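The values are calculated or read from the model by the stated rules, or taken from the named source; none is laboratory data. What you are looking at is a predicted structure, and each value in this text was computed from that prediction instead of being measured. Using ideal geometry, Cβ is built from the backbone for each residue, glycine included, and neighbour counts are taken over all protein chains shown. Quick note on the areas: whole protein, heavy atoms, side chains included, nothing else; ligands and nucleic acids left out. Shrake-Rupley method; radii C 1.70, N 1.55, O 1.52, S 1.80 Å.
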Amino acid sequence: MRTAAPPIPLLLSGPHPRVGGGVVAHCGALQGALAGLGLKVQQVHVGAGLDEDETLGARLRGAGHLLGSLPGFARRSRGQLVHLNPSFTPKAALRDAALMLAARLQGSPVVVEFHGGLPSDVRGPLGRLAIRFLCRADAVVVINRLQERALLGRFPWVRERLHRVPNGVPLPPLDLTTLTAQRLVGRELLFMSRLLEPKGLLDAVRALPSLPGVILNVAGTGPAAEPARALAAELGVAGRVVFHGHVSGDAKTELLRRCALMVFPSYYPEGQPIVLIEALAWGLPVVTCAVEPITDLISTECGRLIPPRSPGALALAVQELLASPARYGAASRHNRTLAEFEYDLNLVARRFVQLYRQVQWSRA
């Protein structure tokens, strides 16, 4: 009789929740999905001060917090499989290189999953050394093809341990036929992200004068909020831009259910934006920029791809989709199907379980 594999004890490390953003959302969602599959998951946040502002004092406080936390992290990692979640930034690379060293000294296997950016974004000898060290983990995961090509170009020897696993989101139950009709009547847009100028918020506001009767819902917080408010007033569209602040739970669900399009004209160095995957899961057509690695996730079948910094192209894409129920419905159905086959959180979690087992077996 075949015995069941024992549960995997897992230590999942990522940025502190107060930092917000896609990596935090990914770690929280993945923890829940893995626990649902029977894994014993603990989530930890080490070196939280490193995620604060860029002042020297903040950096010193963050470094001190990291050094003080390493002994405790090392003790917790003993007997666990460690899953680290850095982005391609100097701070994240140095933090997680220190965590990986602490785990390795305890004999713990380590999986490193890289998120936003590219290896070339990490400058300075210490940062480059940290990336090289992290690529010596038992398994290295990237979330898009651009990162995969970049890592293989820089470290060809990483191929044997390199895996590409996308982010995942829960799939809500949907009646797309009814939802599509309601969305087209409402003519509301959704911009949901950290509010940074390179994410394209100001371009979304600039498109509104060419879109009479269309409402732009802005969900998120960040330094571009006030410039966006001022621009909306200047353009005479302040009454059609609704700032919701940070949204979660029912408020977030309501926006995803009600809005007709996700507009995300970002030229920021993205990894794999969770908001776009959520749009796919909700059968929500997307208007976004034709830049890598967004094009690794979004194709023209998903909605429309436009050049960066092009409010006119954004307005035209919105007009075309809202004016054609057939084209809109095809994009909506395509997006939901794509999410079901590629980005379902349960499927992604199962892929990680297989990877964890593979790492355990290679260590046996």
**Q.** Furthest towards positive pole of dipole, Ser108, Ser120, Ala93, structure part the range 70-136, Cβ charges
**A.** Ser108
Q. For the chain, which whole-number percentage of the solvent-accessible area (1.4 Å probe, protein heavy atoms only) is attributable to carbon and sulfur atoms?
A. 56
**Q.** Label-to-label distance, nm, for residues given as Gln42 and Ser248 (7 Å Cα→Cβ offset)
**A.** 2.3
Q) Could you name the lysines in cross-link range of Lys199, using Cα to Cα under 30 Å and dropping any fewer than eight places away on the same chain? A) Lys91, Lys252
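Order 280-288, 329-337 from most to least packed using the mean count of other Cβ atoms within 10 Å. All intermediate terms of the calculation are to be shown ahead of the outcome.
On the way: 280-288: 26.0, 329-337: 18.8.
Taking the mean over residues of other Cβ atoms within 10 Å, the ranking is 280-288, 329-337.
As a check on your grasp of the helix formula, calculate [θ] at 222 nm for the chain: sum -39500 (n - 2.57) over DSSP H runs of n ≥ 4, divide by the residue count, round to the nearest 500.
That calculation yields -14500 deg cm²/dmol at 222 nm.
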Q: Go through 108-116, 177-185 and give me the packing order, highest mean Cβ count within 10 Å leading.
A: 108-116, 177-185
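Given charges of +1 on the Cβ of Lys and Arg and -1 on the Cβ of Asp and Glu, with all other atoms neutral, how large is the dipole of the range 131-237 about its Cα centre, in debye to the nearest 20?
Details: 14 positive and 9 negative charges, 119 e Å.
Charge dipole of the range 131-237: 580 debye, to the nearest 20.
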Q: May I ask for the angle, rounded to the nearest 10°, between helix 345-363 and the longest principal axis of the chain, with both axes built from Cα atoms and the value confined to 0 to 90°?
A: 20
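Give me the dipole magnitude in Debye, nearest 20, for the chain about the Cα centre, with unit charges on the beta carbon: positive for Lys and Arg, negative for Asp and Glu.
Values: 40 positive and 27 negative charges, 232 e Å.
Once rounded to the nearest 20, the dipole reads 1120 debye.
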Q: Would you mind checking the tilt of helix 225-235 against the longest principal axis of the Cα atoms of the chain, expressed as 0 to 90 degrees and rounded to 10?
A: 10
Q.
I need the fraction of alpha carbon pairs in the chain separated by more than 30 Å, rounded to a whole percent.
A. 40
**Q.** Tilt relative to the chain, helix 22-36 - C-alpha long axis, 0 to 90 degrees, to 10
**A.** 70
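Might you report the magnitude of the Cβ-based charge dipole of the range 196-293 about its Cα centre, with Lys and Arg at +1 and Asp and Glu at -1, to the nearest 20 debye? Working shown, then result.
Numbers: 7 positive and 9 negative charges, 56 e Å.
With Lys and Arg at +1 and Asp and Glu at -1, about 260 debye.
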**Q.** Farthest toward positive dipole pole in the chain [+1 Lys/Arg, -1 Asp/Glu at C-beta], among Ala74, Val165, Val41
**A.** Ala74
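Quick check for you: with a 1.4 Å probe and neighbouring chains kept, what is the accessible area per residue of the chain, in Å²? It would help to have the intermediate numbers written out before the result.
Details: 15900 Å² over 364 residues.
Value returned for the chain: 44 Å² of accessible area per residue.
Sort 127-135, 155-163 by packing, meaning the average of other beta carbons within 10 Å per residue, with the highest value first. Numbers along the way, then the final one.
Working: 127-135: 19.1, 155-163: 13.7.
Going from most to least packed, we get 127-135, 155-163.
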